[in-house]
Amino acid sequence: MALEHAILASLTEQDASGYDLTRRFDKSIGFFHSASHQQIYRVLKRMDEAGWVDVETVTQDGRPDKKMYRASEAGRAELTRWIAQPSEPSHLRSELAVKIRAATDADIPALRGEVTRYRDGHAARLDVYRLIEKRDFPNPAALSGSPLRQYLVLRGGIRVEEGFTNWCQEILDALPSKGHPQP
């Protein structure tokens, strides 16, 4: 997925300045597609040149003017084209999985620490996702349209984090504790 498509998706939900988009990436979109402040502004410039966004300059008192972006008709057409284009299912690339495969008995204490760190990180992200779910989607059965699709993406994130958290705990339960190697 190109960053352009993630930005177009965001702009179809709500017009935004570059700063607004950066904040959205920090709070929601960034959970599945990350981008730096500089990357977003570079891509917005390219999207403007390609005609995928309409730009309105907003004058602000005591502050520099800001540019507000919205997906243009050409941008919406590009997003529609991209959505219809088949994409390959993503493959899990996990440094942790390689570490688990490569570990020797002597590496188990360090490996347990690494797995614990992963488990705790995924559990923390799971907590964030569940808070977002509770705050933003208190009645999922009543959702439709864009809010329903946003909720479904969040549910996917919840399931992924549940899976990683459970997998890490399964590893910790299966690995020997310090000083107790398995036969």
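Quick one: compute the contact order of the chain, relative version, from alpha carbon pairs under 8 angstrom and 6+ residues apart, as a percent.
18
Restricting to lysine pairs 8 or more places apart or on different chains, what number in the chain have Cα atoms under 27 Å apart? All intermediate terms of the calculation are to be shown ahead of the outcome.
Working: K27/K45; K27/K66; K27/K67; K27/K134; K45/K66; K45/K67; K99/K178.
Value for the chain: 7.
Considering amide H positions built from the backbone, and no H for Pro or chain starts, which residues 5 or more places from F32, or on another chain, come under 5 Å of its amide H?
Hits under the 5 Å cutoff: none.
Could you give the distance between the Cα centres of the range 1-59 and the range 103-158, to the whole Å?
24
Which whole-Hz ³J(HN,Hα) couplings does the range 39-56 yield from phi under the Karplus relation 6.51 cos²θ - 1.76 cosθ + 1.60, θ = phi - 60°, glycine and proline marked x?
4, 4, 5, 4, 5, 4, 4, 5, 5, 5, 4, 7, x, 7, 10, 9, 10, 10
With charges set only on the Cβ (+1 for Lys and Arg, -1 for Asp and Glu), what does the dipole of the chain come to about its Cα centre, in debye to the nearest 20?
Working: 26 positive and 26 negative charges, 45 e Å.
It works out to roughly 220 debye.
State in Å² the accessible area per residue of the chain; use a 1.4 Å probe, count heavy atoms of protein chains only, and round to the nearest integer.
67
Quick one: what does P(r) look like for the range 100-183 with 5 Å bins over all Cα pairs, in whole %?
Pairs per bin, as whole percents: 3, 14, 20, 16, 12, 10, 8, 7, 5, 4, 1, 0.
Once all Cα-Cα distances of the range 48-176 are split into 10 Å bins that start at 0, what whole-number percent is in each one?
Values per bin, smallest distances first: 10, 23, 22, 24, 14, 6, 1.
What fraction, in whole percent, of alpha-carbon pairs in the range 12-113 exceed 24 Å separation?
46
For the range 9-136, which whole percent of the accessible surface, found with a 1.4 angstrom probe, sits on carbon and sulfur atoms?
Roughly 50 percent, rounded to a whole number.
In debye, nearest 20: dipole of the range 81-183 around its Cα centre with unit charges on the Cβ of K, R (+) and D, E (-)?
Around 320 debye, computed over the range 81-183.
With every protein chain left in place and a probe of 1.4 Å, what is the accessible surface of K99, to the nearest 10 Å²?
80
In vacuum, with every alpha carbon of the range 1-67 counted as one equal point scatterer, what does the Debye formula give for log10 I(q)/I(0) at q = 0.12, 0.19 Å⁻¹? Two decimals, please.
The calculated log intensity ratios at q = 0.12, 0.19 Å⁻¹ are -0.29, -0.72.
The values are calculated or read from the model by the stated rules, or taken from the named source; none is laboratory data. A quick note: this is a predicted structure, and the numbers were derived from the prediction, not measured. Using ideal geometry, Cβ is built from the backbone for each residue, glycine included, and neighbour counts are taken over all protein chains shown. Side chains are part of the model used for accessible areas, which takes the heavy atoms of the whole protein and leaves out ligands, DNA and RNA. Shrake-Rupley method; radii C 1.70, N 1.55, O 1.52, S 1.80 Å.
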